[in-house]
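Written out below as structure tokens is the structure these notes cover.
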Amino acid sequence: MKKNCWEFKQCGREPGGIKSGESGVCPSSTEKRLHGVHGGTNAGRACWIVGGTYCKDDVEGSFALQYDTCSSCDFYSDVRRKEGAQFLHTTELLKKLSRG
């Protein structure tokens, strides 16, 4: 079973998660337009493309502002490595979001 970002990072910000009440629900856990990408739930395995996600308890902001931080994240690297040739690049993911 492939882990979503909230499982990998154990942030507790998924719906019903231990920190969702105090910190809010992470937008990647509810972004349905990316459901199934890389085998994840909602955007759980494409969180770097969703604006407003957290990194070390800080909101990263829009996709453009957060991409540098996200692209150096251990979770991003793990997904990219495990997906190999099946990894969907940024432009493909942005197209999926814009179709929504």
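The values are calculated or read from the model by the stated rules, or taken from the named source; none is laboratory data. The structure displayed is predicted, hence computed values, not measured ones. In this analysis, Cβ positions are derived from the backbone assuming ideal geometry, glycine residues included, and neighbour counts consider all displayed protein chains.
Identify all residues within the stretch 79-100 that are surrounded by fewer than 10 Cβ atoms within 10 Å (Cβ to Cβ) and part of a helix (DSSP H, G or I); write none if there are none.
Arg81, Gly84, Ala85, Gln86, Thr91, Ser98, Arg99
Could you list all residues from the stretch 7-35 that are free of Cβ contacts under 8 Å to residues at least 12 places away in the same chain, in a loop (DSSP other than H, G, I, E, B) and either in contact with a Lys or Arg (Cβ under 9 Å, 6 or more places away or on another chain) or crowded, with 19+ Cβ neighbours inside 10 Å (or both)?
Of everything in the stretch 7-35, those that are free of Cβ contacts under 8 Å to residues at least 12 places away in the same chain, in a loop (DSSP other than H, G, I, E, B) and either in contact with a Lys or Arg (Cβ under 9 Å, 6 or more places away or on another chain) or crowded, with 19+ Cβ neighbours inside 10 Å (or both) turn out to be Gly12, Lys19, Gly24.
Say whether the condition of being within 16 Å of Pro27 (Cβ to Cβ), surrounded by fewer than 16 Cβ atoms within 10 Å (Cβ to Cβ) and at pLDDT below 85 is met by at least one residue in the stretch 64-78.
Yes - at least one qualifying residue is present in the stretch 64-78.
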